[in-house]
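Data block below; observations after.
What follows draws every value from the coordinates through simple rules; no lab data is involved. Being a predicted model, the structure only gives us computed values, none of them experimental. Please note: Cβ atoms are built from the backbone with ideal geometry, for glycine as well, and neighbour counts cover all protein chains shown.
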2 protein chains.
Amino acid sequence: MKVINGSIIAPRGFKAYGLRAGIKPGKTNKDMAVILSDKDAVCAGAYTRNRVKAAPVIWDKKVTDRGTARAVIINSGIANACTGERGYDDTSKTAQILAGLIDSEKEKILVASTGVIGANLPMEVIEKGANMLVPLADNTEEAADLAAEAIMTTDTHSKKIAVEFELVGKTVRMGGMCKGSGMIHPNMGTMLSFITTDAVISHEMLDKALKEDVENTYNMVSVDGDTSTNDTVVVIANGMAENAKITSENQDYEVFCAALNFVNEYLAKQIAADGEGATKLLEVKVQNAVSPEDAKILAKSVITSNLTKAAVFGRDANWGRILCALGYSGGEFEPDKTEIALKSSNGELVIVKNGVGTGYSEDLATQILSADEVTVSVDLHGGAFSATAWGCDLTYDYVKINADYRS
Amino acid sequence: MKVINGSIIAPRGFKAYGLRAGIKPGKTNKDMAVILSDKDAVCAGAYTRNRVKAAPVIWDKKVTDRGTARAVIINSGIANACTGERGYDDTSKTAQILAGLIDSEKEKILVASTGVIGANLPMEVIEKGANMLVPLADNTEEAADLAAEAIMTTDTHSKKIAVEFELVGKTVRMGGMCKGSGMIHPNMGTMLSFITTDAVISHEMLDKALKEDVENTYNMVSVDGDTSTNDTVVVIANGMAENAKITSENQDYEVFCAALNFVNEYLAKQIAADGEGATKLLEVKVQNAVSPEDAKILAKSVITSNLTKAAVFGRDANWGRILCALGYSGGEFEPDKTEIALKSSNGELVIVKNGVGTGYSEDLATQILSADEVTVSVDLHGGAFSATAWGCDLTYDYVKINADYRS
């Protein structure tokens, strides 16, 4: 497997575009994008578990349950969440508009929205935007980049990746783009991720591959099972690589899953590192837990601890807060056996052994915490299971962004 | 029942004092306090559920399980948490020192610590402090005030209250002081609360009264059952009011519980309003939930939502975030029936009906949110159960305090 250019249009038979239709305030912010497949594709989705679900989430779930998609249409600026029946009608109408323009059926159109909750979509602007997007959609890297920019909200940069890998006798490609941010109390920041591939795979296997992988990637971005009203990950596979169709957990399936994991983990880490106001990517690795579930619970508890995140921002090796976050997580572990180390490109340092501080050099700890990517490694010396979670530091800018978001 | 002066020394037979022994950096911060009872008192405690428990918590649990206390000794500056065997020995030694000075047994001395995790207590300073405190301890309001100041860490003011109430034929008093702060990811801020009373009550009934009440007071301060390494609430009842001993759930017990609830709720709200960097007290009332547990889960989810708290700081009536926090809580409710109102001394406004925004005046909403105390009232129109949680807004100063705490 190798990383290639092109993101979502790297696989055969995909076009994309992004532009400003006029949903967001201001005059320059892009706010609509499309991804078009040349032919009907198999699709799968994973969605927010929030009891309050935005209209496009309810819509897309039906599309991915049926399993066939031709295109995705996305808007940023307005989330179309908490908008009742009118919201659902607007999503359906959006699908209808795009379907008409590409000679498809609205039941095959995925729709995604992100932005302010509670506002209605300006349907005339959506229609105008769709009409502009379809003729401009192209299979160039530039077009894909515009799409990745158009789905951003408080993201500071667009997030995209593509890979190429071999299934028996055939070269297959997979691309992805996503938007995140708003990560501090993580289950609130809307995360949208769109994966394209030209692999031939059954709906059942694609669904299985995606659902299993999100648990180790997006759901470990300082997010627990609880998520925002709009969180959506969809994969569309148009089969144009002409590999032998994956219909069971064979070797091709394993390779496909590895590629999907690489793409999803890359995007998940990009989301974490670009959390609102973040200055660095924080990674928490929990090792030797007594069960996979305990490993995840413990890793997530540290990554979501505001006190730990604020300490990392302050370059303060406050191991007490880390141990405390492990302690209140509900996960099984023995404090007296716990070892904690800090790692980054600036060095590595064990700061806790057997549950107490090691009397390490604070200067070296501060130096390690000054890097752009910092890993907190927790060894529980309990069992054989591990988990990794990703997040970011908590900064003044987070408060600024979220105190002023709607104004 | 009426509010009276004197806080912890208002009940008969209690003395207190607070002073600077030299545990905290700087030269002026007070850091040690004592509460002394003239005679052995019945005692009860409620403690952190964190798997990582500080030495004084382990010690005090044994004292309150036995049920008899003569005094409390408290230090701020160092939490004596994650300090292993040496930490426990230091707590035991602290109890021994005070016991020697007041002619009691160390098994009857409650010990509490708050401050930095992982550091050891300077035992010479503790011994010196105890030696200074005992002769100075007095039953004046000034002495009680010094004690309330000496237990503070990042608190901006001391927190205290006292009440007087009637049990059959006797006037009984109850006083309390506490420290909190560090409330944003709430289960981290160490909360210490000390309640004194001259009521005559059995160990069993005092224990029952306290354990039930903390669930509706301290544990609703944007704290769930999971708490910091040091959280402690103790009540000591020295019986000097000479009322008929409370040994069952009779009417006197009900009155006693009402007084305890008044004192605890007052102190809990003081803690919430003085959360690190907070500019206002936020109260979340959930009404008409289908069960008491769901009401609590839903109220706590809103009070702990960073996005909601940052919006309140920004005076932004972002009801989408409130609805979203209800949605990911795991509590049972129907979004389509949900009503949300904002209330303060500046007015009252329904901002959500049937799960969607009401098209209210943003100006009025901002005005309501500008008050020092704001209530978010959620009516679920589902069942007959309610719960109230308390917290504060999320501000720049929170980040500042917690990025710099140890430096």
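Summary of computed values
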quantity	calculated
Which of B:Asn50, B:Val200, B:Ala258, positive extreme of dipole for the stretch B:2-273 (C-beta unit charges)	B:Asn50
Gyration tensor (alpha-carbon) shape descriptor, the protein assembly as shown, a/c threshold 1.5	prolate
Chain A residue with Cβ closest to the axis mapping A onto B, distance in whole Å	A:Tyr396, 3
Count of lysine pairs in the stretch A:281-403 with Cα separation under 13 Å (8 or more residues apart, or interchain)	5
Three-way shape label, the stretch A:89-165, alpha-carbon gyration tensor, a/c 1.5	oblate
Using a Förster distance of 41 Å, the FRET efficiency for B:Lys128-A:Thr279 (Cβ separation, nearest 0.05)	0.45
Where labels lie 7 Å past Cα in the beta-carbon direction, separation of B:Ala258 and B:Glu166 in nm	1.2 nm
Cα-centred dipole magnitude for the stretch A:22-173, charges only on beta-carbon of K, R (+1) and D, E (-1), debye, nearest 20	520 debye
Teacher prompt: A:Ser370 distances to equivalent labels in other copies, 7 Å Cα→Cβ, nm	4.5
Cα→Cβ-extended label distance, 7 Å offset, between A:Lys27 and B:Ser361, nm	3.4 nm
Shielding of A:330-339 by partner chains, average beta-carbon count, 10 Å	2
Value of Rg/Rh across the stretch B:2-273 [Cα atoms, Kirkwood radius]	0.93
Derived scalar couplings ³J(HN,Hα) [the stretch B:160-174; Karplus, 6.51 cos²θ - 1.76 cosθ + 1.60; whole Hz; x for Gly, Pro]	7, 6, 8, 9, 10, 8, 10, 9, 2, x, 10, 8, 10, 10, 9
Set of lysines with alpha-carbon distance to B:Lys61 below 19 Å, sequence-local pairs under 8 removed	B:Lys53, B:Lys93, B:Lys106, B:Lys108, B:Lys208, B:Lys211
Sequence of A:Arg173, B:Arg49, B:Arg12 once ranked by neighbouring C-beta atoms within 10 Å, starting from the fewest	B:Arg49, B:Arg12, A:Arg173
Prolate/oblate/rounded label for the stretch A:281-403 (Cα gyration tensor, a/c 1.5)	oblate
Dipole axis of the protein assembly as shown (+1 Lys, Arg; -1 Asp, Glu on Cβ), positive-most option in A:Val214, B:Ala289, A:Gly320	A:Gly320
Cα centre as origin, Lys/Arg/Asp/Glu Cβ charges: the protein assembly as shown dipole, Debye	620 debye
Proxy reagent accessibility, fewest Cβ within 10 Å first, across A:Met177, A:Met240, A:Met205	A:Met240, A:Met205, A:Met177
Gaussian network model of chain A, Cα within-10 Å springs - most flexible of A:Gly391, A:Gly115, A:Gly347	A:Gly347
Partner lysines for B:Lys24 [C-alpha distance under 18 Å; skip if fewer than 8 residues away on the same chain]	B:Lys128, B:Lys179
Charge-dipole axis of the stretch B:281-403 as Lys and Arg at +1 and Asp and Glu at -1 on Cβ define it, positive-most pick from B:Thr395, B:Gly331, B:Ser345	B:Thr395
Footprinting exposure proxy for B:Ile126, B:Ile368 (fewest neighbouring C-beta atoms within 10 Å first)	B:Ile368, B:Ile126
Additional length obtainable on full extension of the chain from B:Tyr396 to B:Glu334, 0.36 nm per residue less Cα span	18.9 nm
Charge dipole magnitude, Cβ of K and R +1, D and E -1 - the stretch B:281-403, Cα centre, debye nearest 20	200 debye
